[in-house]
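The values are calculated or read from the model by the stated rules, or taken from the named source; none is laboratory data. Since we're looking at a predicted model, the values are computed, not measured. FYI the Cβ positions are ideal-geometry reconstructions off the backbone, even for glycines, and counts take in every protein chain you see.
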């Protein structure tokens, strides 16, 4: 049965049945008489609607999968089931290919984002280490009055005071911390 033939034989009768259904249902609710007759009519109309729904499923599958109505179409119930399975298989195949491509694109974007984040983290760690070293170096500077006559920068220029030893220990700790951060960044 073609679409035009089906439409011709189902549109008007189903519209009439819809109106009858509405009238009978309203009668049952509002007047509360002939309830058994109303229930029977309503159930018969429901059966007709369900049969029409089952028949229309074939047209829905054909339309949704956009395979068209074509000159050749299955006639038997088994043929229509096989056609529906083939339609869904085609849709699934296209869906799998599309999903695979989308997943690859998302992975590439995530990889590039991770690279940029790692580079930024390394840059921030490097800046933090340089600031820490500059801070320790600023603390280690000796005021003008504490300088001796020895060569500038030599160990003999000043005797080690507890403050200098403390600063040297802080520099060693910071150097160890910077080395640990660099090692962690290289592992990422």
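Within the stretch 18-37, the set of residues being at pLDDT below 85, exposed (fewer than 11 other Cβ atoms within 10 Å of the Cβ) and part of a helix (DSSP H, G or I) comprises 29, 30.
Kindly indicate whether residue 80 is touching a helix residue (DSSP H, G or I) at 6+ places or on another chain (Cβ under 9 Å), assigned to a helix (DSSP H, G or I), modelled with pLDDT of 80 or more and closer than 29 Å to residue 181 by Cβ. Show your work before the answer.
Working: touching a helix residue (DSSP H, G or I) at 6+ places or on another chain (Cβ under 9 Å): yes; assigned to a helix (DSSP H, G or I): yes; modelled with pLDDT of 80 or more: yes; closer than 29 Å to residue 181 by Cβ: no.
Here the answer is no, as residue 80 does not meet what is asked.
Show the residue pairs that are 6+ apart or on different chains and have beta-carbon atoms under 8 Å apart, the first residue being within the stretch 45-67 and more than 14 Å from residue 10 (Cβ to Cβ), the second being not in a helix (DSSP H, G or I). Qualifying pairs under 8 Å: 62/68; 62/69; 62/73. Applying the selection to the stretch 19-32, what residues are touching a helix residue (DSSP H, G or I) at 6+ places or on another chain (Cβ under 8 Å) and either without any contact (Cβ under 8 Å) to a residue 12 or more places away in the chain or under 27 Å from residue 81 (Cα atoms) (or both)? Passing the criteria: only 27.
Here are 118, 114, 107: which of them is part of a helix (DSSP H, G or I), more than 28 Å from residue 7 (Cα to Cα) and in contact (Cβ under 8 Å) with a residue 60 or more places away in the chain? It would help to see each step written out before you state the result.
Values: 114 fails: in contact (Cβ under 8 Å) with a residue 60 or more places away in the chain; 107 fails: in contact (Cβ under 8 Å) with a residue 60 or more places away in the chain.
Unique residue meeting the criteria: 118.
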